[in-house]
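Beneath this line is the structure, given in structure tokens, with notes to follow.
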Ligand code: MG
């Protein structure tokens, strides 16, 4: 079959500048991929490249022609396994670029069968956990204000970025503004192993659920030290990129935080879910700052997850794409009224 492909870069300003321990982002650049079959049906996917992992919109655009050549050559939108495997062979790095193609193909394949992607996978659309909404770093009064706004908007699970010299003050302010919320903490590699153990004690007193990536990914033994002594469960994000990382982190954390843009495709993400479970880990799916062109696909993995952090589109000032309804963090897969991932241009 002749498959027609194309892509375009989109700049996505954030509603608020987003700061984590490593730096601040004011706008994200995503690259949107389209794959159209002979009947005119189109699958949509998005790449949300992360400079932390060596990708930018430029590197995505540089490799997409080679990746889309694989799609056109194989010419079968249902050959998902073969296309993902060949793409990983053609462009070994650049997972966000490969992921955009994987998502667009899955969207097209599901549309061609007339089913939402999660139903094509045989998943129960009512089983997705509630997604967290992230509170980035800021001055304490601003963090207080953002937390109050999030609670007003109905978010019940908040993920709090830490890694400053006033982490305790931030958590106290957030807990005051959100007394009933589930709170998770992400230090983005900013703490030492010993700091993590110390911090876990007062975080536990504030009823925090778990700590994400407290120590640098380059220090696996430090992660293990923290995991063995922390009062709270530890999630691995920067330490957990691809399938091969799962056995490496299995004795160093409680939760594997997968991201489509780190692992390079939806089939690879599903393999990681099952590998993580086989190693006794719980599974979380996170995201970058992404439009619904890719977030919608992540939502369909919802029923396989213990924890979801799919707020990438919710952090944008305006998303040109709509997908699965994620308002208040509820992943409303069961309300999706169209086949595929649900990604389409917003009207
Ligand atoms: Mg993280």
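The values are calculated or read from the model by the stated rules, or taken from the named source; none is laboratory data. This is a predicted model, so every value here is computed, not measured. Here Cβ is always computed from backbone atoms with ideal geometry, including for glycine, and neighbour counts include all displayed protein chains.
On the given criteria, is residue 307 in the same structural domain as residue 203 (by TED's automatic domain parsing), buried (at least 18 other Cβ atoms within 10 Å of the Cβ) and more than 29 Å from residue 33 (Cα to Cα)? Taking the combined requirement at face value, the residue does not satisfy it. When every residue of the stretch 217-224 is checked against the conditions, at least one turns out to be closer than 21 Å to residue 307 by Cβ, assigned to a loop (DSSP other than H, G, I, E, B), in the same structural domain as residue 285 (by TED's automatic domain parsing) and within 16 Å of the ligand (Cβ to nearest atom). Assess whether residue 110 counts as being in contact with a strand residue (DSSP E or B) (Cβ under 8 Å, 6 or more places away or on another chain), within 16 Å of the ligand (Cβ to nearest atom) and in a helix (DSSP H, G or I). No. In the stretch 225-258, the qualifying residues are those that are part of a helix (DSSP H, G or I) and without any contact (Cβ under 8 Å) to a residue 12 or more places away in the chain, and the one that is nearest to the ligand (Cβ to nearest atom) is 245. Against the conditions (1) within 12 Å of the ligand (Cβ to nearest atom); (2) out of contact with any helix residue (DSSP H, G or I) (no Cβ under 8 Å at 6 or more places or on another chain); (3) at negative phi, residue 195 satisfies every one except (1).
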